[in-house]
1. Under the rule of at least 5 residues apart or a separate chain, name every residue whose amide H is placed under 5 Å from the amide H of Ile278.
2. Can you work out ³J(HN,Hα) from phi for every residue in region 171-187, in order, using Karplus 6.51 cos²θ - 1.76 cosθ + 1.60 and θ = phi - 60°, giving whole Hz and x for Gly and Pro?
3. In Å and from the alpha-carbon atoms only, list the Rg and Dmax of region 111-195.
4. Could you pull out every residue, at least 5 positions away or on a different chain, whose amide H is within less than 5 Å of the one on Leu66? Hs are placed 1.01 Å off N in the peptide plane, and Pro or chain starts have none.
5. What percent do you get for the relative contact order of region 213-258 when only Cα pairs under 8 Å and 6+ apart count?
6. Taking 0.36 nm per residue of sequence separation and subtracting the Cα-Cα distance, how much length would be gained by fully extending the chain between Ala299 and Gln7, in nm to one decimal?
7. Once phi is turned into θ = phi - 60°, what whole-Hz ³J(HN,Hα) does the Karplus curve with 6.51, -1.76 and 1.60 give for every residue of region 113-124, x standing for Gly and Pro?
8. Under 17 Å Cα to Cα from Lys213, which lysines show up? Leave out anything in the same chain fewer than 8 places away.
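The values are calculated or read from the model by the stated rules, or taken from the named source; none is laboratory data. Remember, predicted model here, so these are calculated numbers, not experimental data. Cβ placement follows ideal geometry from the backbone for every residue including glycine, while neighbour counts extend to all protein chains displayed. These accessible areas exclude ligands, DNA and RNA; they are computed on the full protein's heavy atoms, side chains included. Shrake-Rupley method; radii C 1.70, N 1.55, O 1.52, S 1.80 Å.
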Amino acid sequence: MNGAILQQVFVVDYVVQPQMCGDCHRVEAKDFWKAVVQVRQKTLHKKTFYYLEQLILKYGMHQNTLHIKEIHDGLDFYYSSKQHAQKMVEFLQCTVPTRYKASQRLISQDIHSNTYNYNSTFSVEIVPICKDNVVCLSPKLAQSLGNMNQICVCIRVTSVIHLADPNTLQVADIDGNTFWSHPFNSLCHPKQLEEFIVMECSIVRDLKRSTEKHTLGEVWVQKTSEMNMDKQYFCHTHLGHLLNPGDLVLGFDLANCNLNDEHVNKMKSDRVLDVVLIKKSYDRTKSQCLRNWKRKELARDRENMDTDDERQYQDFLEDLEENEAIRKNVNIYRDSTIPVESDTDDEGAPRISLAEMLEDLHISQDATGEEGESMMT
């Protein structure tokens with residue numbers, strides 16, 4: 001009134017609360033995804049997924065995943081964008097022989113702006129063949145691979161299936177397209193492996209065909225469960241460079257096995273091998289306790305590991321120790337809690353050398369001086 005000005009002092013407290021956008025909030029809640037990659041393999045063991053897990057960690061393909069879920073026959077990778085899922089599918093195609101199908105489901109749409117929201121699903125199927133499997137090829141496929149024998153051993157699986165003929169040491173590589181055109185199955189399950197003892201072993205010297213990592217040998221073996229009998233088996237093997245009389249070796253007894261395979265049933269009985277040797281057997285009681293190395297794992301929702309899964313996991317670790325080619329694609333870290341041992345134990349079982357191990361990175365203090373987090377998963 002009459003030009004008078006009234007003033008009063010107020011104390012205002014401002015509280016700053018951080019807030020994320022809607023998309024970031026759904027990502028943090030881990031219940032929002034736009035694409036999923038479902039990886040499956042129709043086998044009874046998980047050695048392929050253990051190896052695939054290490055490749056994903058090595059090349060950082062898990063960084064864009066929102067969530068990883070493990071189920072009984074594979075893994076599910078969830079993504080916030082379809083492009084990240086397509087990148088994972090391309091990585092899998094370059095890593096293992098696969099085929100995939102893509103589908104999408106309409107979630108919502110806006111008829112005014114003509115926009116649509118889809119959830120995409122990529123179903124990736126890995127070939128049901130793993131390392132150390134015995135397979136029987138179709139006659140047409142065997143003929144196209146240089147008239148090799150139909151019964152072969154899978155010595156390795158990369159982007160192609162590497163097969164070796166135990167009779168002639170002939171090798172062949174089968175890609176995913178060839179496999180799906182002429183499919184074949186594993187004749188035996190790893191649980192059917194039997195232990196044999198080598199009675200005699202000689203190297204085939206006049207072989208025209210040879211490889212750097214395998215040597216053809218002629219072997220007389222006897223089952224350790226039939227030592228009180230005089231029955232022995234004669235066979236050719238690609239493990240001639242590893243076996244000596246008295247060694248133990250694991251193999252499949254095809255002569256006394258009930259094989260239910262369409263290709264084997266059509267073969268002549270004299271063409272079916274009696275015994276197929278797979279790998280040399282070592283006493284690993286001591287080496288399992290003294291492994292001075294470790295590997296990382298993907299953070300995922302997983303079911304409890306049963307006894308069979310633990311055995312398969314130990315088989316994968318043994319493959320890492322025995323096969324240098326597999327170790328090249330796996331980051332192996334030194335376990336400082338285990339003392340350094342020699343490269344081989346007393347029984348001669350192969351070990352991973354210290355030169356192949358990486359030092360694990362641990363961040364004990366961050367830039368602010370506070371306690372940091374470890375880099376190990």
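1. Leu250, Gly251, Phe252
2. Running phi through 6.51 cos²θ - 1.76 cosθ + 1.60 with θ = phi - 60° gives 10, 8, 10, 10, 7, x, 4, 5, 5, 5, 6, 10, x, 8, 10, 6, 6 Hz.
3. Rg then Dmax for region 111-195, in Å: 18.8, 71.
4. Under 5 Å from the amide H of Leu66 lie the amide H atoms of Tyr78, Tyr79, Ser80, each far enough along the sequence or on another chain.
5. On the way: 41 pairs, mean separation 18.9, N = 46.
Computed value for region 213-258: 41 percent relative contact order.
6. Values: separation 292, 0.36 × 292 = 105.12 nm, distance 6.07 nm.
Taking Ala299 through Gln7 to full extension adds about 99.0 nm, to one decimal.
7. Using θ = phi - 60°, the values come out as 9, 6, 10, 10, 10, 10, 9, 9, 10, 10, 9, 9 Hz.
8. Leaving aside lysines fewer than 8 places away in the same chain, those within reach of Lys213 are Lys131, Lys279, Lys280, Lys328.
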